[in-house]
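**Student:** First, the structure itself, so that you have it in front of you.
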Amino acid sequence: EPEVTQTPSHQVTQMGQEVILRCVPISNHLYFYWYRQILGQKVEFLVSFYNNEISEKSEIFDDQFSVERPDGSNFTLKIRSTKLEDSAMYFCAIPSGQAYGYTFGSGTRLTVV
Amino acid sequence: AQSVSQHNHHVILSEAASLELGCNYSYGGTVNLFWYVQYPGQHLQLLLKYFSGDPLVKGIKGFEAEFIKSKFSFNLRKPSVQWSDTAEYFCAVNARRDYKLSFGAGTTVTVRA
């Protein structure tokens, strides 16, 4: 069983629609990260989240993006008005506890049409 | 900020051949180094990591990597590949005491039976 579960595994949405990607770690974590991978490109850092606040974000993470921890256990990444270029694989990640490594979630493939 | 470059975009090998994937990073301070693997349709999995100590690091599935500080390199090796090693391989680095990862563009490895 994976330590970090992401839902949905695949989402197709119309341009301009809002999407919410969810991530549920098995155990409680204070630190949380989102990355994305556009098809054929490198994995890019989006945002880090610590203790219910954004601790760092990349220039990709503009006003269309937001992160929340709605109920103390799972984490969400929201894209308010999706664009075609938001089509990518989105990964959440939690620190693995040992020397600054990660455990990555199973990923959500977002397709914007 | 760190940056990571992977020398090969796509490598095609026959089973039992040896594999070496190049990775160089640029960063002025102390870093942690990682290799991740992404099998088709799956999430990122950690192959191995280096933080300190012996610069030759052994990971899962027979992979190893050598950190050469003077060359800012962390090349991945496997003496004899199998068909199941077909995957995308990512080198990544973060600064000591910082979880945020910078990834290389990835190398697609195709092993032919």
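What follows draws every value from the coordinates through simple rules; no lab data is involved. Predicted, not measured: the structure shown is a model, and the values here were computed from it. Methodologically, a virtual Cβ is constructed for each residue, glycine included, from the backbone with ideal geometry; neighbour enumeration extends over all protein chains shown.
**Student:** Among the lysines, which fall within straight-line cross-link reach of B:Lys49, defined as a Cα-Cα distance under 29 Å, with same-chain neighbours fewer than 8 residues apart omitted?
**Tutor:** Partners within reach: A:Lys42, A:Lys57, B:Lys58, B:Lys61, B:Lys69, B:Lys71, B:Lys78, B:Lys100.
**Student:** Another question about this same structure. Net charge near A:Asn28: determine it from the other residues with C-beta under 14 Å of the C-beta of A:Asn28, scoring Lys and Arg +1 and Asp and Glu -1.
**Tutor:** Taking every Cβ under 14 Å from that of A:Asn28, the sum is -1.
**Student:** Based on the alpha carbon coordinates of the protein assembly as shown, what radius of gyration and maximum Cα-Cα distance (Dmax) apply, in Å?
**Tutor:** When restricted to the Cα atoms of the protein assembly as shown, Rg and Dmax are 17.6, 51 Å.
**Student:** Something else now. Within the stretch A:41-62, which residues have the backbone N less than 19 Å from the label spot 7 Å out from B:Ser3 along Cα→beta-carbon, could you tell me?
**Tutor:** Answer for this model: A:41-46, A:58-60.
**Student:** If the label point is 7 Å along Cα→Cβ of B:Ser80, which residues in the stretch B:53-70 have backbone nitrogen under 20 Å from it?
**Tutor:** B:58-65
**Student:** Report the local net charge at A:Glu56: Lys and Arg +1, Asp and Glu -1, summed over other residues whose C-beta lies under 11 Å from its C-beta. Spell out each step's value before the answer.
**Tutor:** Numbers: positive: A:Lys57, B:Lys100; negative: A:Glu53, B:Asp98.
Residues close to A:Glu56 contribute a combined charge of 0.
**Student:** How many nm separate the modelled label positions at A:Lys78 and A:Gln17, each set 7 Å beyond the Cα in the direction of the Cβ?
**Tutor:** Distance between label points: 1.7 nm.
**Student:** What FRET efficiency comes out for A:Ile38 versus A:Thr5 if R0 is 25 angstrom and r is the Cβ-Cβ distance? Round to the nearest 0.05. Each step should come with its number before you reach the end.
**Tutor:** Working: r = 23 Å, r/R0 = 0.91.
Result of the calculation: an efficiency of 0.65.
**Student:** If you take the Cα atoms of chain B, find Rg, then find the Kirkwood Rh from the mean of 1/r over all pairs, what is Rg/Rh?
**Tutor:** Working: Rg = 13.4 Å, Rh = 14.0 Å.
Rg divided by Rh gives 0.95.
**Student:** Could you tell me the center-to-center distance, by alpha carbons, between the stretch B:30-46 and the stretch A:11-71 in angstrom?
**Tutor:** Using only Cα atoms, the two centres lie 18 Å from each other.
**Student:** Please work out the FRET efficiency for the pair B:His10 and A:Tyr31, using the Cβ-Cβ distance as r and a Förster radius of 45 Å; give the result to the nearest 0.05. Numbers along the way, then the final one.
**Tutor:** Numbers: r = 34 Å, r/R0 = 0.76.
It comes out at approximately 0.85.
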